[in-house]
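Beneath this line is the structure, given in structure tokens, with notes to follow.
Every number in this text was worked out from the coordinates using simple rules, so none of it is lab data. These figures come from a predicted structure and were not determined experimentally. Cβ: placed from backbone, ideal geometry, glycine included. Neighbour counts: every protein chain shown.
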């Protein structure tokens with residue numbers, strides 16, 4: 001049990017350390033497009049482990065999904081604006097932080113961490129897909145409101161939709177069908193595949209951006225880490241309060257909290273590439289936010305899981 005609890009948080013720390021020291025393999029994985037395959041593997045396993053009886057797709061799911069969209073896509077950008085106004089960030093750093101607050105939930109890790117916490121992973125997956133589709137339209141709107149430089153931003157709706165279909169929905173369906181056809185009982189190691197893929201994704205992405213991390217001062221990194229932590233915790237608390245108002249059960253409440261508070265690194269970097277000819281330092285807050293949220297959530301999930309099990313839920 002202890003090994004399973006510590007696997008993801010310890011793995012994330014090692015991923016960052018290796019990205020800064022033994023980075024060659026990470027760069028090779030990034031350049032050879034391994035990250036999309038990691039995401040596919042995550043949702044293949046999610047489809048394999050899917051149990052429709054645990055889905056609980058009722059009217060509360062609709063309310064929960066709408067609440068998650070409001071918190072993540074419309075509320076989070078205001079937290080980014082507030083942080084930029086309070087702290088003396090440079091223009092590029094401020095842009096990166098606000099962009100990270102405007103993007104939707106990450107495609108893979110929110111579902112993995114929800115499952116790790118014994119939350120409703122099906123709700124997490126479905127809300128993730130819907131939120132990313134809605135985000136296609138809200139990102140330009142919120143960036144135009146938040147950044148003067150964001151005027152004229154264009155997001156490829158079809159490209160994002162295609163990415164969701166290929167990387168998330170299709171593998172999930174394949175995994176679901178494969179389980180029904182093969183009727184093969186899963187081995188214990190299968191449960192570690194999603195977490196392993198998240199760790200490898202962080203390693204590859206961080207290794208490819210290690211030079212930017214080295215260029216940042218310790219003060220900047222610590223300040224951005226504190227800001228990212230604060231924004232993430234505020235989003236989690238708001239989601240938790242909203243879930244309590246909706247009277248959600250523990251598994252569904254956990255799904256809401258994790259999905260509402262996490263932000264996707266790939267989409268934020270794609271948006272920055274549109275906004276800036278040379279994003280440079282704007283990528284740093286995105287990387288720090290990404291790692292901070294994964295580390296905090298993995299530690300939190302590891303503590304929530306045994307409590308849920310003891311409660312017999």
Exercise. Would you order 240, 48, 123, 28 from fewest to most other beta-carbon atoms within 10 Å of each residue's own beta-carbon?
Key: 28, 240, 48, 123
Quiz prompt | Relative counts (whole %) of C-alpha pair distances in segment 2-304, using bins that are 20 Å wide | solution = 35, 60, 5
Quiz item: Taking the simple approach of a point 7 Å from Cα along Cα-to-Cβ for both residue 218 and residue 241, what is their distance in nm?
Solution: 3.7 nm
Quiz prompt | Distant alpha-carbon pairs in segment 83-125 (separation over 14 angstrom), percent | solution = 58 percent
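Which of 303, 290, 232 has the fewest other C-beta atoms within 10 Å, and how do the rest follow up to the most? Can you show the working numbers first?
Details: 303 10, 290 25, 232 20.
Fewest to most other Cβ atoms nearby, the residues stand as 303, 232, 290.
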Practice problem: Pop a pseudo-label 7 angstrom from the Cα along the beta-carbon direction at both residue 63 and residue 234 and give the gap in nm to one decimal. | Solution: 2.6 nm
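Rounded to the nearest 0.05, what FRET efficiency is calculated for residue 225 and residue 170 with R0 set to 45 Å and r the Cβ-Cβ distance? Present the calculation step by step, with values, prior to reporting the outcome.
Details: r = 36 Å, r/R0 = 0.79.
Efficiency at R0 = 45 Å is approximately 0.80.
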Quiz item: If we count other beta carbons within 10 Å of each Cβ, what is the order of 43, 61, fewest first?
Solution: 61, 43
Exercise. Just order 91-100, 221-230 by mean Cβ neighbour count inside 10 Å, highest at the front, would you?
Key: 91-100, 221-230
